[in-house]
Amino acid sequence: AAADPSVVGIVVRVASGGGAVVASDKMHRAVQRAARAKPLVVSFGNAAASGGYYLAMAAPEILSTPNTLTGSIGIFTGKVDLSGLYALLGITTHTEKTAPRADVMADHRPWTDEEQRVAKERLRAYYDRFVGLFAEGRKLSREDAFARAKGRVYTGVRAQELGLVDRQGTLLDAIEAVRKKAGLEASDPSRIVYRPQVGLWEGLAILLLDTIGLRDSLPVAAEEPPLIARLIHALG
């Protein structure tokens, strides 16, 4: 979307409780780069926590709903240790390793003291980066950023009071904000294009809607309905 000359602005819709650190960091960078190229606003759905909030911090403007679960600026790690169960069942294991910690996530043994130390160091590094990007993106001091972090979860209203979001608004409000930032007048025609990752049924629905010429004529709701539902609605 950032590279497409036909796109005048971008709304990033976030409805996520979080995910992997590396994936969240990559999405943060993508949002940051897109925001340099075009007007961009992030719109929160029911949840924008942990990794969901991580990617949003790069946006110039964030809109949430009053009850959006927001923040959860924190990370954790761990692994499954089934060594006790294996012993109970009489199951034994043998491991061939090419490096001392090659089987660090294996479920047949607990972490060693050294592995726990390394895991804690990695957690600290990731957490410091998370909070640092939070402070940078929301223009907070590191002290204030750390005080608002610690894995705490806020409502959208409280998040606005603490500076995690800019204002309350729906997806439609975010779309209108991008239109204004792009310099479009209320009377200027524009087309909203959705670019989600779609599965087989969603993809077939998109294809059919495009074929019969109804996809772009459907009304936009605050919560975008599944394409199958939109197809049924379009066909009456």
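Laboratory data are not the source of any read-out in this text; all were calculated from the coordinates shown. As the structure is a computational prediction, the values presented were derived from the model and not from experiment. As a convention, Cβ positions derive from the backbone with ideal geometry for all residues, glycine included, and neighbour counts pool all protein chains shown.
Rg and Dmax over the alpha-carbon atoms of the range 96-163 stand at 17.7, 54 Å. Sorting 2-14, 40-52, 80-92 by average packing, meaning the other beta carbons within 10 Å per residue, from highest down gives 40-52, 2-14, 80-92.
Projecting label points 7 angstrom from Cα along Cα→Cβ for Thr112 and Arg195 puts them 4.7 nm apart. Using the Cβ of Asp25 as centre and a radius below 15 Å, the other residues enclosed give a net charge of +3, where K and R count +1 and D and E count -1. Here's the list of lysines a cross-link from Lys120 could span, going by alpha-carbon distance under 27 Å and ignoring same-chain residues fewer than 8 apart: Lys26, Lys79, Lys97, Lys150. Within the shell defined by Cβ-Cβ distances under 10 Å, the residues around Thr93 carry a net charge of -1, with Lys and Arg each +1 and Asp and Glu each -1.
When the range 43-109 is described by a simple charge dipole with +1 on each Lys and Arg Cβ and -1 on each Asp and Glu Cβ, the residue from Ala49, Ile62, Gly90 located farthest towards its positive end is Gly90.
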